[in-house]
Structure formats: structure tokens, C-alpha cells
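Okay, structure first, notes after.
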Amino acid sequence: AQETAERLAEQNAARDALYTEWGVPLSFGSFAAVLAPSVSASGNAMLLGAPQMGLPEEDEKAVTSEVELIVDGGIHIAGMTVPGIPGVIIGRTQDRAWTLTTGFTDNVDTYVEQLDMTGTQYVFEGGLQPLQPFTSTIEVADGDDVEYTSFRTIHGPIYALDETTGTAFSWRYAFWNRELEMVEAYYDVWRAGDFQTYVAAIERSTMSFNLFYNDRDQTPAFWHIGLYPQRPAPV
């Protein structure tokens with residue numbers, strides 16, 4: 001077994017060395033670049049966007065699609081969207097273009113909740129609070145519907161439970177219950193008639209992204225957008 005593992009490690013190392021020689025990336029992830037006219041050989045501002053979502057699989061369905069929207073009132077936009085979302089996430093209008101990469105802002109906190117003996121309440125500020133149940137119905141193709149109940153605390157949804165210690169773990173999102181504000185902000189992004197209006201719109205974005213931007217006026221720009229959590233001061 002050890003010889004097999006060593007031989008496999010050697011093969012992987014040789015493969016990675018060959019990929020590196022050919023210029024093939026060894027890892028996958030979104031990347032982007034924005035160039036000012038002063039560093040462009042053509043003298044034009046340039047924008048490169050390469051969003052990626054997971055490892056590519058030959059038989060895997062794409063989670064994104066390409067769309068072009070023309071709406072009365074002056075909206076003409078094309079680019080990438082996710083089916084079910086009313087609009088373009090990454091794209092271009094007649095005057096500007098932008099792309100996104102994941103922001104990785106530290107905007108999610110994990111809370112350790114101590115449950116009572118019944119497992120239906122948790123300790124909060126010296127007292128007990130009931131867990132909030134949410135029951136969803138999952139429709140099963142060629143089968144019976146399944147009801148699934150999840151729980152949340154005042155901090156957020158419970159994602160893990162240690163029954164031996166009566167401990168639950170919940171996530172608190174900085175943008176919880178403000179997700180639709182992202183849609184509202186992007187609606188103004190699509191309609192923005194000038195750079196200042198565009199900036200005012202993206203500054204209202206609630207989720208964490210890196211935003212790369214360029215326009216016909218040769219205005220390359222970058223923002224790290226999203227909400228930061230308001231954490232209590234350390235004691």
C-alpha cells in the first residue's frame with residue numbers, strides 16, 4: 001500500500017510539473033483583471049472577467065446562462081445570469097462592463113448554542129429561548145413528498161448539532177434578510193446613466209464580492225462590496 005501511495009504521489013508530481021510547463025493552471029477559481037489605458041499596448045482601458053463556479057465536469061449541467069435583455073425605458077444589457085434571477089449579474093451595457101469574483105469577506109459568524117434538556121430551547125442572555133422551527137415540503141419525483149424541519153436561533157439557522165453535549169451551532173449572516181437589497185441595487189446598476197450613479201448603486205450591495213469595472217470613458221475601477229457584521233466589542 002505504501003509503495004502504491006508513493007508511486008501515485010510521483011505520478012501526480014510529474015503531471016503537475018508538465019501542466020506548469022504548458023501553462024495549465026493547477027487550481028480553479030474565478031479571476032479578473034482591469035487595465036488602465038496607460039498600461040495597455042493599445043492605449044485603451046481593458047477588462048478581463050473569468051468567473052468560475054466549481055470544478056468543470058463534462059456531464060455536469062451549467063449553473064449559469066448567457067442572456068441579453070432589452071427593456072422599454074432604455075435598459076439594454078447582456079451577460080451572465082443564474083436561472084431564476086431576474087437580470088444580469090456579470091455583464092455589459094452600451095456604456096460600461098463589469099465582472100465579479102467572490103469577496104470572501106469575514107461576514108458570517110458561528111454561534112455555539114447550549115440547548116436545554118428537552119432540546120427545544122437554548123440559553124440566551126441568562127434565560128431560555130425556544131428554537132424557531134421551519135418546515136419545508138420537498139417534492140420527490142416519482143415518490144411521496146418529504147417534510148423537513150429546520151431550526152434557527154436568534155443568531156441564525158442551525159447547521160450542526162452535537163446531541164451528546166446538547167450543543168447546537170448556528171450561522172449569523174451579515175446580509176440575512178437583506179438579500180433582496182442586492183437585486184434592488186443591481187436594478188439601479190443596469191439603469192445607471194453615469195459613473196456616479198453606478199457607484200451609488202453598487203455601494204448598496206449587501207453580499208460580498210470583488211467588482212472589476214471599465215467603461216467607454218476609460219475609467220477602470222475596483223471595489224470590494226458587501227456588508228460587514230457589527231460585532232460586540234471584545235471584553
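Note on the stretch 169-186: among residues that are surrounded by fewer than 17 Cβ atoms within 10 Å (Cβ to Cβ) and among the charged types (D, E, K, R), the one that is farthest from T120 (Cα to Cα) is E184. If you go through the stretch 139-159 and keep only what is open to solvent by less than 90 Å² (accessible area, probe 1.4 Å) and either within 23 Å of P232 (Cβ to Cβ) or touching a Cys at 6+ places or on another chain (Cβ under 7 Å) (or both), you end up with R152, T153, H155, G156, P157, I158. Screening G43 on (1) exposed (fewer than 10 other Cβ atoms within 10 Å of the Cβ); (2) out of contact with any Pro (no Cβ under 8 Å at 6 or more places or on another chain) shows it passes everything except condition (2). A Cβ distance below 8 Å, combined with a sequence gap of six or more or placement on separate chains, defines the contacts here; from the stretch 1-16, residues that are within 19 Å of S27 (Cα to Cα) reach residues that are open to solvent by 60 Å² or more (accessible area, probe 1.4 Å) and not in a helix (DSSP H, G or I) in the pairs D16/L26.
Do any strands (runs of 3 or more DSSP E) entirely within the stretch 136-235 hold 3 or more residues that are touching a residue at least 40 places away in the same chain (Cβ under 8 Å), and if so, which? Steps first, please.
Numbers: elements: 146-152, 158-162, 167-173, 209-215, 221-225.
Qualifying strands (runs of 3 or more DSSP E): 167-173, 209-215, 221-225.
Open to solvent by less than 60 Å² (accessible area, probe 1.4 Å), at pLDDT below 85 and among the hydrophobic types (A, V, I, L, M, F, W, C): does that describe I85?
Values: open to solvent by less than 60 Å² (accessible area, probe 1.4 Å): no; at pLDDT below 85: yes; among the hydrophobic types (A, V, I, L, M, F, W, C): yes.
In short, no.
Residue under question is A97, and the condition is that it be within 23 Å of the chain's Cα centre (by Cα), more than 18 Å from I225 (Cβ to Cβ) and not acidic (D, E); does it hold? Considered against the rule, which asks whether it is within 23 Å of the chain's Cα centre (by Cα), more than 18 Å from I225 (Cβ to Cβ) and not acidic (D, E), A97 comes out as no.
Any idea which residue in the stretch 24-40 is surrounded by the most Cβ atoms within 10 Å (Cβ to Cβ), counting only those that are of a type outside the set (V, I, T), modelled with pLDDT under 80 and farther than 21 Å from M80 by Cβ? Let's see the steps before the verdict.
Within the stretch 24-40, the first condition is being of a type outside the set (V, I, T), and the residues that meet it are 25-33, 35-38, 40.
From the residues that got through so far, the ones that are modelled with pLDDT under 80 too are 25-29.
In the following step, the residues that additionally are farther than 21 Å from M80 by Cβ were identified as 26-27.
Values: L26: 8, S27: 5.
This residue is L26.
Are any residues in the stretch 107-135 in a loop (DSSP other than H, G, I, E, B) and in contact (Cβ under 8 Å) with a residue 24 or more places away in the chain, and if so, which ones?
Applying the first criterion (in a loop (DSSP other than H, G, I, E, B)) to the stretch 107-135 yields 107, 116-120, 125-126, 131.
Scanning the stretch 107-135 gives N107, D116, M117, G119, L131.
Could you grab me the full set of residues in the stretch 194-218 that are open to solvent by 30 Å² or more (accessible area, probe 1.4 Å), under 21 Å from I75 (Cβ atoms) and not aliphatic (A, V, I, L, M)? Residues satisfying the conditions are D194, F195, Q196, T197, E203, R204, R216, D217.
Applying the set (1) surrounded by fewer than 18 Cβ atoms within 10 Å (Cβ to Cβ); (2) touching a His at 6+ places or on another chain (Cβ under 8 Å) to E113 leaves exactly one unmet item: (1).
A search for C-beta distances below 7 Å between a residue of the stretch 69-97 that is of a type in the set (A, V, I, L, M, F, W, C) and any residue that is open to solvent by 60 Å² or more (accessible area, probe 1.4 Å) and part of a loop (DSSP other than H, G, I, E, B), counting only pairs 6+ apart in sequence or on different chains, returns V82/V63.
Return the residue satisfying two criteria in turn: it lies in the stretch 68-82 and is closer than 22 Å to M207 by Cα and in contact with a Ser or Thr (Cβ under 7 Å, 6 or more places away or on another chain), and of such residues it is surrounded by the fewest Cβ atoms within 10 Å (Cβ to Cβ).
We begin by selecting, within the stretch 68-82, every residue closer than 22 Å to M207 by Cα; these are 77-82.
In the following step, the residues that additionally are in contact with a Ser or Thr (Cβ under 7 Å, 6 or more places away or on another chain) were identified as 77, 80-82.
On the way: I77: 20, M80: 16, T81: 19, V82: 12.
Per the criteria, the residue is V82.
Of all residue pairs spaced 6 or more apart or on separate chains, those with beta-carbon atoms under 7 Å, a first member in the stretch 20-47 that is closer than 21 Å to F212 by Cα and a second member that is small (G, A, S) and in a strand (DSSP E or B) are S30/A50; F31/A50; A32/G49; A32/A50; L47/A97.
The values are calculated or read from the model by the stated rules, or taken from the named source; none is laboratory data. Keep in mind the model is a prediction, meaning the values are calculated, not measured. With ideal geometry, Cβ positions are generated from the backbone for all residues, glycine too; neighbour counts draw on all protein chains shown. Protein only, heavy atoms only, side chains kept; ligands, DNA and RNA dropped before computing areas. Shrake-Rupley method; radii C 1.70, N 1.55, O 1.52, S 1.80 Å.
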